[in-house]
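Notes for the one structure printed next.
The values are calculated or read from the model by the stated rules, or taken from the named source; none is laboratory data. Keep in mind that what you see is a predicted model, and the values were worked out from it rather than measured. Virtual Cβ from ideal backbone geometry, glycine too; neighbours counted across all protein chains shown.
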Amino acid sequence: MGSEQWVLESFKRTMHLPRDFTIICHTRISDKCIFTGRKSLSLKDFREWDKHISSETLHIFNLSDEYPFNFTQGYKLNNKYYLIPELSDEYPQLRYFSAHHMNLNGNLLLANDVIHILKNHFKEFNNGS
């Protein structure tokens with residue numbers, strides 16, 4: 001089970017690496033992370049994290065209505081696609097195919113939204129905005 005503590009830890013471990021864009025897939029807020037042993041993130045933790053995030057960031061939230069912090073930098077995407085029903089009988093070979101708690105349709109719709117955001121970002125970047 002992933003946790004927001006692990007997402008932050010992964011961000012910290014890699015934030016020194018050069019990149020054109022960062023995508024952060026936020027996850028559930030849990031009491032304790034099984035990977036790090038760290039307890040829930042505090043408001044101070046979120047504020048510190050926010051200081052290191054650039055405008056070249058996409059935040060993907062599965063439960064944005066329940067997320068306890070509003071990041072000030074970057075784009076935000078509420079991923080509601082994990083709620084899409086399983087594929088119909090039309091594609092029985094893909095009925096149980098899923099990843100990241102979404103079915104194939106949900107993954108494709110999310111990918112389309114991400115591509116749209118990135119395309120617009122780099123279009124603005126190339127136009128000097």
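Kindly indicate whether LYS123 is part of a helix (DSSP H, G or I), outside the structural domain of GLN5 (by TED's automatic domain parsing), of a type in the set (Lys, Arg) and at pLDDT below 90. I'd like the intermediate steps shown before the answer.
Working: part of a helix (DSSP H, G or I): yes; outside the structural domain of GLN5 (by TED's automatic domain parsing): yes; of a type in the set (Lys, Arg): yes; at pLDDT below 90: yes.
Yes: the conditions hold for LYS123.
For segment 13-41, the set of residues classified as at pLDDT 90 or above, surrounded by 11 or more Cβ atoms within 10 Å (Cβ to Cβ) and either farther than 28 Å from TYR81 by Cβ or of a type in the set (Gly, Ala, Ser) (or both) is empty.
Which count do you get for residues in segment 1-12 that are part of a loop (DSSP other than H, G, I, E, B) and surrounded by 13 or more Cβ atoms within 10 Å (Cβ to Cβ)? Before you say what the answer is, go through the steps one by one.
Applying the first criterion (part of a loop (DSSP other than H, G, I, E, B)) to segment 1-12 yields 1-3.
With surrounded by 13 or more Cβ atoms within 10 Å (Cβ to Cβ) added as a condition, the list becomes 2-3.
Final tally of qualifying residues: 2.
Restricting to segment 34-50, name every residue that is aliphatic (A, V, I, L, M) and either assigned to a helix (DSSP H, G or I) or without any contact (Cβ under 8 Å) to a residue 24 or more places away in the chain (or both). Please lay out each step first, then the result.
Restricting attention to segment 34-50, the residues satisfying the condition of being aliphatic (A, V, I, L, M) are 34, 41, 43.
Matches in segment 34-50: LEU43 only.
A count restricted to segment 17-33 and to residues that are under 23 Å from LYS123 (Cα atoms) and assigned to a loop (DSSP other than H, G, I, E, B) stands at 4.
Among THR14, THR57, which is under 21 Å from ASP113 (Cα atoms) and either hydroxyl-bearing (Ser, Thr, Tyr) or under 12 Å from the mean Cα position of the chain (by Cα) (or both)?
On the way: THR14 fails: under 21 Å from ASP113 (Cα atoms).
The unique qualifying residue is THR57.
I need the full set of residues from segment 87-120 which are in contact with a helix residue (DSSP H, G or I) (Cβ under 6 Å, 6 or more places away or on another chain), assigned to a helix (DSSP H, G or I) and at pLDDT below 75, in order please. Hits for segment 87-120 are LEU94, LEU104.
Taking first residues from segment 14-33 that are touching a residue at least 12 places away in the same chain (Cβ under 8 Å) and partners that are in a loop (DSSP other than H, G, I, E, B) and of a type in the set (Asp, Glu), the Cβ contacts under 7 Å between residues at least 6 apart in sequence or on separate chains come to ASP20/GLU56; PHE21/GLU56; THR22/GLU56.
Looking across segment 107-122, the residues that are in contact (Cβ under 8 Å) with a residue 24 or more places away in the chain, under 19 Å from ASN62 (Cβ atoms) and not hydrophobic (A, V, I, L, M, F, W, C) come down to ASN107, ASP113.
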